[in-house]
Every structure is written in C-alpha cells, then in structure tokens.
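Only one structure is covered here, and it is reproduced in the block below.
The values are calculated or read from the model by the stated rules, or taken from the named source; none is laboratory data. Just so it is clear, the structure is predicted and the values come from calculations on it, not from any experiment. Here the Cβ positions follow ideal geometry from the backbone for every residue, glycine too, while neighbour counts run over all protein chains shown.
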Amino acid sequence: MTIQVAPPAVGTVQGVRAGAERQSRLLVVAEQECRDLWTSGRGLILLFLFSVLLSGVTYLTSTNQALNFLEQRESVNLVLQFAVAVGVLATLVVSADGISGERERGTLETLLVTPVPRRSIIGGKLIAALSLWFATFLVSIPYVWVLARGVGILGRALALGFCVGTLVAIGLGSIGLLISAACNSNKTSIAASIFLLLILFAPTQLPSGLPQGWFFEVLLRANPVASGLAYISSILVEGHGWTQDLALLITPLLTAIIAGGALILAGPRLVRLTRGVNSE
Amino acid sequence: MTSTTIEAVRLTKQYDGRTAVEDVSFSASQGEIIGLLGPNGAGKTTTIRLLTTVLQPTRGEFSIAGYPSTSSAEIRRCVGVLPESSGYPAHQTGAEYLRFYARLYGLSRSQARGLSAELLTAVGLEDRGQSRISTYSRGMRQRLGIARAMINDPVVVFLDEPTLGLDPAGQAQVLNIIRGIAKARDATVVLSTHLLPEVEEVCSKVVILHNGRVLVSGSVGEVIKTALIEQSAQLRVPLDLVERARNVLAGFPGLTIKQTAEQPELLVLAVDRPGTDSAHREVMNEVLAAVTAAGIPVLRFELEGARLSDAFLKMTSRGVT
C-alpha cells in the first residue's frame, strides 16, 4: 500500500506565503510556550507552591501583626517583598529551562529549521517565563489586600510590586535565558540560575541590626533584587515619595536593559544546537 | 521538466579542528529520492544539518531550490526536516503539535487546523490526532514527524533515520509515506538510513559517505558497478547429488566451482570473464537450467554481489572507491 501524500490546495500554499508576511511569529512562539508552561502542569505546580508559601508567610505576618511585633505597613511590605522575590525566582527557573531544556528534549532542531527568526524564539520564551511572574503577582493580590486594609496603601503597594517585580523579572528572566543558552545540560542551567539568585538574595537576608556601612550600601545598590526590594520598603514602610529613592531602581533597570539587550543582540548566535556562540 | 533542487559543492564542516564532513558534493533533482548512506559517524547528520542551515559550513557552498546557502530564511521556508532522534512535547496532542508548526509558517488558525487534519490523515494518524503524543508508539511519532516536515509543502524533504527503532511493519509504513511524498508532491527526498534493501527499493540515487567524505554517488546500479564486486552465485543441492551437479557444471567453459569442507553441499560459482551484468546473469541462468534439466533438485540458488549492501560493505570497509 502506498500512502498518497497530496500537496495542499493552492489556496493554502498562497496562504502560507501571504500569511507569513503578516503574522508575528514571536506571538505564535510566545503563545505556544505559554500553553506548554501552563498545560504541562509545570506553571500550575510552581503557582501552587507559591500560593502555599505565601499563605504561610501571610499567616505568620498577620499573627506577628496581631501581637504588635510588626506594624501593618511592615506586614504588607514583607508579604509583597516575598511575592516579588519568589515570583522572580519562578520566572528565572522557567527561563533557565528555555534553551537547554529544548536541547535536552531534542525539540530545538525542529524549531531551528523553521523560518522563525531566532530572536522570536528567544523572545517568545521570555514572554512565557514572564507569564509566570504575572500569575504569581495576581495570586498575591488578595493576600496583600487582606493585610493592607485600613492603612490606605493597597493601590500603592500593588503598583509598586507590579512595576518593581516586572522590571526585576525581565532582567532575571533574560539572564536565565542567557545561562540556558550557555549550558548544554538543563540541570547545570537551572542550578547556575538558582545559585545566582541565592547570591542576589543574600544581602536581603542580613539582620537589620547589623552596622550598614558603605560596603553594604554598594552591595545593596549593585544588586538588582536587593535594591528593588529596598525601593519597595522605602516607599511602603518609610513613607518616602516615589521619586525620593529612585536611584535604587537604577540597577534593576540597567539589568533589564543590559540582559534584555544582550538577549536581543546575541540571540541569533545563542539559539543553537549546542552551547556557545562559536560552536557552529 | 525536472529542475535541480539540491546542489552541494565541496561542503566542509570542522568542529574544533575535527573534520565532520569534507568536500561533500552532490546534486539532486525534483521528485528524486536520494539515499544518504554511511556507517555511524560518517557525516550524514552533519550534511543534513548543513543543507538545512542549522549548521554553517566551514568551506564550500550549496543551494536549495535555487537559493544560495547565504539565504537561510528562504531555504528554511522550502525545506522540511525530520531530524535524527527528534523529540516531541509529550503533553501536546498530535493535532496541536502540527497546528503550532503550521502557524510558524504563517498560516492562520483555521488554515493550520485544516492542514493539520489533512496531514494527520496522510500519515495514517487521523484517529489519534486528539491523543497526547506521550501515548504514541515510536512509529506513530516518526509519522507525526514526517507530517510536520510536510507542513510547508517543501521542495526538499530531509529525513534523518526515519525508520530507526521501528519494527518491520513500521518501517514499511514509513517507506510507503516517503514514496508518496516524492510521487504526489514531486519533492526531493533525502533519506538517511541504514536499511539498505529499502534504499535499493525506493531510492533513485545513492550517496555513500565514509569518514566525512563522499565515497561514491550515483544510481544504485552505478554504485554497485563502482564497487567492482566479484559476481558469483551460490548453488545448494542435496549432498548425494553434488558430484553429479559438478559434472553438469563442468560443461560450462570459464565457470569456476568452489566447495568448502564445512558445507560440501554448497557450490560457489564464479565466471572468469563475466563481461557485463546481464552477461553474468545469462550464464547463471543457463547454469541453473542445466542443473534442473539434469534432474538435480535445487535447494537454493542466489546471485551474490549484485546488491547495494554488498557494495556498501565493500566500499566502507576499504574506505576508497
């Protein structure tokens, strides 16, 4: 028996050519990557774990607040910082799987032989990774709302969390993809990304009672995560204006611009069958 | 009129000082099925990756459907590829998978839906299109991969080991699909495989690679001829009739008869000066007729040296033409 594989109708072929001019392949890749992330269960599991952790943190914070160990503003700040930090961590983990994961699963080559520009492939993956940050932010809204009732900082807290978190997520998501492109093994890529994040979180874990000299200040300002969280804290807890400590956002902004720019510029040389820019 | 769809000239690829392929040149025309053969590590996959623009050649040039190697985006629009050990997203359905690739080639959602259904039918997966790929057998995944390679109605289709790990029924199914692609779509198919009898059956042209170089290319007949294999035949008769058979065969001038102590009932026949293939076959037909006319039952009669596998083994073991 010979199976006849007939060519598609003429209209379809013309549709391929005409449609190719119109459609944004970046969005097609992003849509598919999002679907992969959310329907495969990976995104939902991460979101579930996030909500469990956030529930625990919110419970502890609210009990501390009830016992007068924490002020209400501090409670909101703590929960929001946790939401941003863990949301960004999830984004980094997903983006770290982006290229190296495809290499390991053997699905990258089929993408590379399509006419989709490699920048679109990498851009689509970044958008999908950011979707996890947006989802974690949505989940955290009711928690922040519960804690922020009565002090009139709900809107400010949510806007702050969204802006700072998105900025940090873009930067770290891009770094995650760059690491992923540089690693042949998915385990190496994810381990390297988490290690990076732990280094970035380290300054935020130092006890507040410690003397904080110039070295701490440099460490804080050079770190996109720590400086972003410090900006949230300065507005929510210390009551500073939006522009007063704007310098704290320079590092998150620069990280997003430099890492995102590197991704756009080096993307075509990074999305390859094997790691490294000179491997092919 | 058929046109040249693949033109590779002295393609060379080196990685870190190691040469994967060197001076690979061949051409192919519309509707042809080219068998890309060679032992493991011969450079088949690298050649395919070069021609599909996944890798950049270190030296040499090529064109696909008239587009030079520098026009990688245009080349990718007109080729379909089933890579070796291609992975599949296990949680997607076959239809979803094809729809995604159709949309990457610029089709709208409705066009992609229609085309995916059409291709699933073409590869015999119409009943499993809504099942997750994780539930597919290896043969079904390979057929799905071939359907994906056809999504852009390609001018050239590259299939890297499409029958790897398939049972005989699965292999036959895949080969039938390949025949269909070349026939119905008039596409050039480059088939990298180790299934030499099937290559002999479906391929109009063969390129044998060894250690990254082209050993020989041409039609199956030309390749066998290039190998200069000594043509012979094996005749097996009942043990008690061997002497009678030898007496009959002695009447053929120039026919050499060899017999081994391990298998005395097996006679290996060779013609000293066979001339052309057809002359050799003619002599052997006369031999067979004479033996049967003498009332000797023939238990087995097989012509040796006329198969692609013989030529392949001979050429790849000596490594030169």
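Given the conditions (1) under 22 Å from the mean Cα position of the chain (by Cα); (2) surrounded by fewer than 21 Cβ atoms within 10 Å (Cβ to Cβ), and given that B:Thr58 satisfies all but one, which numbered condition is not satisfied?
Among (1) under 22 Å from the mean Cα position of the chain (by Cα); (2) surrounded by fewer than 21 Cβ atoms within 10 Å (Cβ to Cβ), the lone unmet condition for B:Thr58 is (1).
Can you confirm whether segment B:244-263 contains a residue that is assigned to a strand (DSSP E or B) and either surrounded by 20 or more Cβ atoms within 10 Å (Cβ to Cβ) or within 14 Å of another protein chain (Cβ to nearest Cβ) (or both)? Quick ask: steps written out before the conclusion?
Residues of segment B:244-263 that are assigned to a strand (DSSP E or B), as a first pass: B:255-259.
When the remaining residues are screened for being either surrounded by 20 or more Cβ atoms within 10 Å (Cβ to Cβ) or within 14 Å of another protein chain (Cβ to nearest Cβ) (or both), the result is none.
No, the conditions are met nowhere in segment B:244-263.
Identify the single condition in (1) in contact (Cβ under 8 Å) with a residue 24 or more places away in the chain; (2) closer than 26 Å to A:Arg119 by Cβ; (3) within 14 Å of another protein chain (Cβ to nearest Cβ) that B:Ile33 does not satisfy, given that it satisfies every other one.
Condition (2) is where B:Ile33 drops out.
Name every residue in segment B:120-134 that is within 11 Å of chain A (Cβ to nearest Cβ) and either at positive phi or of a type in the set (S, T, N, Q) (or both), in order of residue number.
B:Thr121, B:Gly124, B:Ser134, listed by residue number.
Given B:Thr19, B:Thr12, B:Thr4, which one is under 14 Å from B:Glu61 (Cα atoms) and not hydrophobic (A, V, I, L, M, F, W, C)?
Exactly one residue qualifies, and that residue is B:Thr12.
Inspect all residues belonging to segment B:201-222 and state whether any of them is basic (Lys, Arg) and under 27 Å from B:Gln171 (Cβ atoms).
First, the residues of segment B:201-222 that are basic (Lys, Arg): B:205, B:213.
Narrowing further to those that are under 27 Å from B:Gln171 (Cβ atoms): B:205.
Checked segment B:201-222: at least one residue is basic (Lys, Arg) and under 27 Å from B:Gln171 (Cβ atoms).
Can you tell me which residue within segment B:9-30, out of those that are hydroxyl-bearing (Ser, Thr, Tyr) and free of Cβ contacts under 8 Å to residues at least 60 places away in the same chain, is nearest to the other protein chains (Cβ to nearest Cβ)? Give the derivation first.
Our first condition is that a residue be hydroxyl-bearing (Ser, Thr, Tyr); within segment B:9-30, this holds for B:12, B:15, B:19, B:25, B:27, B:29.
Checking which are free of Cβ contacts under 8 Å to residues at least 60 places away in the same chain leaves us with B:12, B:15, B:27.
On the way: B:Thr12: 14, B:Tyr15: 8, B:Ser27: 21 Å.
Only one residue tops the list, namely B:Tyr15.
Could you tell me whether any residue of segment B:14-34 is in contact with a Pro (Cβ under 6 Å, 6 or more places away or on another chain) and within 21 Å of A:Leu108 (Cα to Cα)?
From segment B:14-34, those in contact with a Pro (Cβ under 6 Å, 6 or more places away or on another chain) are none; that's our starting set.
Within segment B:14-34, not a single residue is in contact with a Pro (Cβ under 6 Å, 6 or more places away or on another chain) and within 21 Å of A:Leu108 (Cα to Cα).
Residue by residue, here is whether (1) under 30 Å from B:Leu104 (Cβ atoms); (2) more than 25 Å from the chain's Cα centre (by Cα) holds:
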residue	(1), (2)
A:Arg25	yes, no
A:Glu31	yes, no
A:Leu37	yes, no
A:Arg42	yes, no
A:Ile45	yes, no
A:Phe48	no, no
A:Leu53	no, no
A:Tyr59	no, yes
A:Asn64	no, yes
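Restricting to segment B:80-110, and then to whatever is of a type outside the set (Gly, Ala, Ser) and assigned to a strand (DSSP E or B), can you tell me which residue is nearest to the other protein chains (Cβ to nearest Cβ)? Can you show your working first?
First, pick out the residues of segment B:80-110 that are of a type outside the set (Gly, Ala, Ser): B:81-84, B:88-89, B:91-93, B:96-101, B:103-105, B:107, B:109.
Subsequent filtering for residues that are assigned to a strand (DSSP E or B) retains B:81-82, B:93.
On the way: B:Val81: 4, B:Leu82: 8, B:Thr93: 10 Å.
Per the criteria, the residue is B:Val81.
Please identify the pairs in which a residue from segment B:266-280 that is at positive phi has its Cβ atom under 8 Å from the Cβ atom of a residue that is modelled with pLDDT under 65 and of a type outside the set (Gly, Ala, Ser), counting only partners at least 6 apart or on another chain.
none
Return yes when A:Ile122 is more than 14 Å from chain B (Cβ to nearest Cβ) and part of a helix (DSSP H, G or I) and no when it is not. Before the answer, list the steps.
Values: more than 14 Å from chain B (Cβ to nearest Cβ): yes; part of a helix (DSSP H, G or I): yes.
When the stated conditions are applied, A:Ile122 passes them.
Please go through segment A:26-58 and pick out each residue that is within 9 Å of chain B (Cβ to nearest Cβ) and surrounded by fewer than 21 Cβ atoms within 10 Å (Cβ to Cβ). Write out each step before concluding.
Start the filter on segment A:26-58 by keeping residues that are within 9 Å of chain B (Cβ to nearest Cβ), which leaves A:28-29, A:31-32, A:35-36, A:39-41.
A:Glu31, A:Arg35, A:Asp36, A:Thr39, A:Ser40, A:Gly41 - these are the residues of segment A:26-58 that are within 9 Å of chain B (Cβ to nearest Cβ) and surrounded by fewer than 21 Cβ atoms within 10 Å (Cβ to Cβ).
So A:Ile99 clears everything in (1) within 14 Å of another protein chain (Cβ to nearest Cβ); (2) without any contact (Cβ under 8 Å) to a residue 40 or more places away in the chain; (3) of a type outside the set (D, E, K, R) except one condition, right? Which one?
Result: A:Ile99 passes all but (2).
Do you know which of the residues in segment A:213-243 that are part of a loop (DSSP other than H, G, I, E, B) and out of contact with any helix residue (DSSP H, G or I) (no Cβ under 6 Å at 6 or more places or on another chain) is farthest from A:Glu71 (Cα to Cα)? Give the derivation first.
If we filter segment A:213-243 for residues that are part of a loop (DSSP other than H, G, I, E, B), which is where we start, we get A:213, A:223, A:237-243.
Now drop any that are not out of contact with any helix residue (DSSP H, G or I) (no Cβ under 6 Å at 6 or more places or on another chain), which leaves A:213, A:238-239, A:241-243.
On the way: A:Gly213: 26, A:Glu238: 12, A:Gly239: 13, A:Gly241: 19, A:Trp242: 21, A:Thr243: 24 Å.
Across segment A:213-243, the extreme among qualifying residues is A:Gly213.
How many residues does segment B:146-185 hold that are more than 9 Å from chain A (Cβ to nearest Cβ), free of Cβ contacts under 8 Å to residues at least 60 places away in the same chain, surrounded by 18 or more Cβ atoms within 10 Å (Cβ to Cβ) and of a type in the set (A, V, I, L, M, F, W, C)?
Residues flagged as more than 9 Å from chain A (Cβ to nearest Cβ), free of Cβ contacts under 8 Å to residues at least 60 places away in the same chain, surrounded by 18 or more Cβ atoms within 10 Å (Cβ to Cβ) and of a type in the set (A, V, I, L, M, F, W, C) within segment B:146-185 amount to 3.
Taking only pairs six or more apart or across chains, which ones have beta-carbon atoms under 6 Å, a first residue in segment B:40-62 that is aromatic (Phe, Trp, Tyr), and a second residue that is modelled with pLDDT under 95 and part of a loop (DSSP other than H, G, I, E, B)?
Final answer for the pair search is B:Phe62/B:Ser69.
With the requirement that a residue be free of Cβ contacts under 8 Å to residues at least 60 places away in the same chain, more than 7 Å from chain A (Cβ to nearest Cβ), closer than 19 Å to B:Met150 by Cβ and under 26 Å from the mean Cα position of the chain (by Cα), what does segment B:68-79 give you? Steps first, answer last, please.
Filtering segment B:68-79 for residues free of Cβ contacts under 8 Å to residues at least 60 places away in the same chain gives B:68-76.
Filter once more, keeping what is more than 7 Å from chain A (Cβ to nearest Cβ): B:68-72, B:74-75.
Narrowing the set further to residues that are closer than 19 Å to B:Met150 by Cβ leaves B:74-75.
Selection gives B:Ile75 alone.
Does B:Thr316 satisfy the condition of being at pLDDT below 80 and not in a loop (DSSP other than H, G, I, E, B)?
Details: at pLDDT below 80: yes; not in a loop (DSSP other than H, G, I, E, B): yes.
Yes.
Please indicate, with yes or no, whether at least one residue in segment B:135-142 is of a type in the set (Phe, Trp, Tyr), touching a residue at least 24 places away in the same chain (Cβ under 8 Å) and within 7 Å of chain A (Cβ to nearest Cβ).
Going through segment B:135-142, the residues of a type in the set (Phe, Trp, Tyr) turn out to be B:136.
After this cut, where a residue has to be touching a residue at least 24 places away in the same chain (Cβ under 8 Å) as well, the list is B:136.
Subsequent filtering for residues that are within 7 Å of chain A (Cβ to nearest Cβ) retains none.
No: segment B:135-142 contains no residue that is of a type in the set (Phe, Trp, Tyr), touching a residue at least 24 places away in the same chain (Cβ under 8 Å) and within 7 Å of chain A (Cβ to nearest Cβ).
Condition first: under 11 Å from A:Asp97 (Cα atoms) and exposed (fewer than 15 other Cβ atoms within 10 Å of the Cβ). Now tell me which residues in segment A:149-206 satisfy that.
Once the filter is applied, which keeps residues that are under 11 Å from A:Asp97 (Cα atoms) and exposed (fewer than 15 other Cβ atoms within 10 Å of the Cβ), segment A:149-206 yields A:Ser185, A:Lys187, A:Ala191.
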